[in-house]
Every structure is written in C-alpha cells, then in structure tokens.
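The values are calculated or read from the model by the stated rules, or taken from the named source; none is laboratory data. All values derive from a computational prediction rather than experimental measurement. So basically every Cβ, Gly included, is an ideal-geometry build from the backbone, and we count neighbours across all protein chains shown. Side chains are part of the model used for accessible areas, which takes the heavy atoms of the whole protein and leaves out ligands, DNA and RNA. Shrake-Rupley method; radii C 1.70, N 1.55, O 1.52, S 1.80 Å.
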Amino acid sequence: MAADFPSRLVRAADTRSAPRLLFVVNNPAFFLSHRLPLALGARDAGFDVHVATMDGASVAQITACGLRHHVIPMSRSGKNPVQEIHTIYALWRLYRRLRPSVVHAVTIKPVLYGGIAARLAGVPAFVAAVSGLGFVFTRSGQGFNFVRAAAIALYRLALGHPNSRVIFQNTDDRDLLSDAGVVRPEQVVLVRGSGVDLDRFQVTPEPEGAPVAIMAARLLHDKGVREFVAAAKASAGHPTGLRWVLAGSPDPGNPASVSQDEFVRWQREGVVECLGERSDIAELYNASHIVVLPSYREGLPKSLVEAAACGRAVVTTDVPGCRDAIEVGVTGLLVATRDMAGLAAAVQRLAGDPVLRQRFGAAGRQLAEREFDIHKIVRIHLDIYTSLCR
C-alpha cells in the first residue's frame, strides 16, 4: 500500500530530522486491525512513526512491521485511581523522552489520558480519534447523570489542546461533544470509519444453499450478542433454512463480556453456530448472505464497513455509528436496539428475498468504494498530520 501514497513531506536523511508521529492505543491487536495502514502510510510519507500500547502478544507483529513500540501500563477496568494516574504519568514521561511532533490517540482512555498528558508535556500537536463514546453515553435515564458529567469534564480537559484535531466517525458523537462545549468548530473533522482494503475485501457471488446471517464481533452485551442469539432462536424452522453464525469469543477482561458458561451453552444448544475468534472475516462474509450487528452504540463499526466492501446486505440498529455505516433501505435495514423480534423479522425478510438482498449488497460495495476506501482514509489523516506540523 505504501507505494500508493505520494510523499507529503521531504523524506528526511534520518529519523532524527523527520517529524515524529506517536500513536497511543490501548490494545496492540486493535492497533493492528484498525490503525496499521495509517501508521505505514505516515511512515512512507516521511514521518518517524512510533506506537505506544499495553503489552500483549500482538506487539511482536507491530515491531515486525518496522514500527518502534513502547509499552504503556494501562488497566482495562479503570477502577483503581492510582493505576489511572500512573498511566497519565507514564504517557507524560514517554512524551518528554520521545518529543513527538504529533500524538494520535485512539479509543477512550488514550484520548482522555493521552490528551491530558500531551498538554502537560507540551506536545506541539494532538489528534484525538473519538471512535465511540463508550457505555457512559449508552445509558438512558432522566435527571442529572454524574458519571456522564464527569466524563464530559475529562473530555473538555483532554481535548483542549490549542493545536489539535478531533476526528469523529459519526455526527451524533460530534454534535454531543460540540453542544457540550468540549470541542471548538475548527478542531472537528468527520471521517467515516477506519477504512477497508477493497482489494482484500472483495465481492463474490452469494454461496448456494440456505441463507447465512453472520455476526462478527467481540461477544459483549452492548454489541447486541444476546439479541442475536434470541433472534436466532425465534427463527428456528424458518422455511429458507436460515442459519445464524457467530464469530467471536468472550472477553474475560471486559465487564460487558458474556460469560464463558453462557458461550458454551450457546454452543451446546446449536441454534447459533459459534465459530469462536476468527481473523478470516473476508472469507466468512463471502460464505454468508447477511451481516448483522445489533449494537447499542458505535463509532462507525468496522464489521459493517467490511460487509459493504464484500457486497453483503446488512441488518443493524438505529443508533449512532451503526446507522452511519449504511444507507437505509439501500444497503441495509435498521431495527430498534434490544428488539429481538424486530431483528429476527428483518433478517428473515432478507433471507426470503434474494433479489432485495443482492441489490443491497451491490449498493454496499458502491458505498465502500465511495466512502470507506483505506487509501482515501489514509490521505485524509496525512493531510491532518501535515497541517498540524506546519
């Protein structure tokens, strides 16, 4: 992919004279799946690229790509204030040592803690990727919400850097933080998702046989995985022979994860075909007919971007991020959150109408080529980095 990007900067004789870009991401596996093309594109445009994440098995893959990696202590729960302060301090120390020209923070904790540390350390430029606002903003209820108010205060502090850009993946998140006075209009950039490699995720004809509805996601409650299983149970005996397939596994370190016992029970019941953790998503989508994501809130889900690239019809929920990933009635259908019956009905409708399903899929591929091409996404980010370095 590197050869596709013209150099935006004069290539430095060595990395000491190149502008230094530091990615801060919590999970090294997430960096590989969602931000590696940006890092490689920036490196080939003349940046000295570094990556800071938690430790983990995927770190070796990051360094194998020729990127310099730094381990940052970062807990997943956030329940110990001492650990959280230690993370901010570790980021501050890393910034002071590396002296990056630009820090690009991705996901909630890196944005909050990385933004605060960047202001304290005097980092010249800061980019925050708001890929969803988290469970605090999915909660419903009336009256004063102290947790949400505290989160907004932290965002205001973290995103107050004078030379910064805040990248939103959907308009709901953008408007929420704009209306709260967290971001300035000149900071805001809207980029629809993390992009997709259109050469890797290609359209193939639908397979013969009974229609397959697939959900590929982390098995978290707020991804709607229980609704997916309930809809599968409600669809048992459908005349098309509709099959429901779940690709993903429990995440024991995440409080929103389904339990291992629940996952084993689903496997034993056999209503849903549970594949476990998979990396061959393009192949799984090509072997399916309908892609399903009944999530409660997203930034802009990569699974639906990849579904569009593969030319597969989508059923998802009418929530921020998910509705931004489709064109309603053109590439897919929307249902209400936590609505098992509505989800089952929408999937059954597409299962029984191959003409509509295939028309949605063809329009999805056009959407992916127009909006989600990874080359376009990388170019947008290179423009952001370069403008901040001037």
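Beta carbons within 10 angstrom, averaged per residue: use that to sort the peptides 288-294, 55-61, highest first.
288-294, 55-61
If each DSSP helix of 4+ residues adds -39,500 (n - 2.57) and the sum is divided by the residues in the chain, what number results at 222 nm, nearest 500 deg cm²/dmol?
When only DSSP H runs of four or more count, the value is -12000 deg cm²/dmol.
Using amide H atoms built in the peptide plane, which far-off residues or other-chain residues are under 5 Å from His70 H to H?
Excluding prolines and chain starts, which carry no amide H, the hits are Val51, Ala52, Thr53.
For the chain, set up a GNM with springs between Cα atoms under 10 Å and report which of Ser17, Ser75, Ser235 has the largest fluctuation.
Greatest mean-square fluctuation among the candidates belongs to Ser17.
Show log10 I(q)/I(0) for segment 241-390 at q = 0.09 Å⁻¹, two decimals, from a solvent-free Debye sum over equal Cα scatterers.
Log-scaled intensity ratios, in q order: -0.33.
Can you quote the Å³ per residue value for the convex hull of the Cα atoms in segment 232-296, rounded to an integer?
110
Each residue of segment 316-326 in turn: what ³J(HN,Hα) in whole Hz from Karplus with 6.51, -1.76, 1.60 and θ = phi - 60°, glycine and Pro shown as x?
8, 9, 7, 9, x, x, 5, 5, 7, 8, 10
In the set (i) 74, 48, 44; (ii) 65, 50, 38; (iii) 65, 53, 46, which value of Cα extents along the principal axes in Å was calculated from the structure you see?
The value computed from this structure is option (ii).
Divide, for segment 14-59, the radius of gyration over alpha carbons by 2.2 N^0.38 Å, where N is the residue count. The partial results should precede the final answer.
Values: Rg = 11.0 Å, N = 46, 2.2 N^0.38 = 9.4 Å.
Cα-based Rg divided by the globular estimate yields 1.17.
Name the residue farthest towards the positive end of the dipole of the chain from the options Val203, Gly332, Thr63, assuming +1 on Cβ of Lys and Arg, -1 on Cβ of Asp and Glu, about the Cα centre.
Thr63
How large is ³J(HN,Hα) for each residue in segment 256-271, as worked out from phi by the Karplus curve 6.51 cos²θ - 1.76 cosθ + 1.60 (θ = phi - 60°), to whole Hz, x for Gly and Pro?
8, 6, 5, 7, 5, 4, 5, 4, 5, 5, 4, 4, 5, 5, x, 5
What dipole magnitude, in Debye to the nearest 20, does segment 23-158 give about its Cα centre under +1 on Lys/Arg Cβ and -1 on Asp/Glu Cβ?
Roughly 300 debye, rounded to the nearest 20.
With every protein chain present, what is the per residue accessible area of the chain (1.4 Å probe, Å²)?
43
For the chain, find the longest principal axis of its Cα atoms and tell me its angle to the long axis of helix 225-234, 0 to 90°, nearest 10.
Helix 225-234 sits at roughly 10 degrees to that axis.
What is the percent carbon and sulfur in the accessible area of segment 316-388, measuring with a 1.4 Å probe over the protein chains and ignoring ligands? All intermediate terms of the calculation are to be shown ahead of the outcome.
Values: 1420 of 2830 Å².
Whole-percent figure for carbon plus sulfur exposure: 50.
Report the calculated FRET efficiency for Arg148 and Ala362 (r = Cβ-Cβ distance, R0 = 51 Å), to the nearest 0.05.
Efficiency computed from Cβ-Cβ geometry: 0.80.
Could you identify which residue out of Val189, Val264, Val24 has the top mean-square fluctuation in a GNM of the chain using Cα springs shorter than 10 Å?
Val264
By its C-alpha gyration tensor, with a ≥ b ≥ c as the square roots of the eigenvalues, how is segment 302-345 shaped: rounded for a/c under 1.5, else prolate for a/b larger than b/c, else oblate?
prolate
Show which lysines lie in cross-link reach of Lys302 when reach means a straight Cα distance below 16 angstrom and same-chain residues fewer than eight apart are skipped.
Partners within reach: Lys223, Lys376.
Only Cα pairs within less than 10 Å get springs; with that Gaussian network setup on the chain, which residue of Pro320, Pro81, Pro19 has the largest fluctuation?
Pro81
Using only Cα atoms and rounding to the nearest 10 degrees, what angle (0 to 90) does helix 374-389 make with the longest principal axis of the chain?
20
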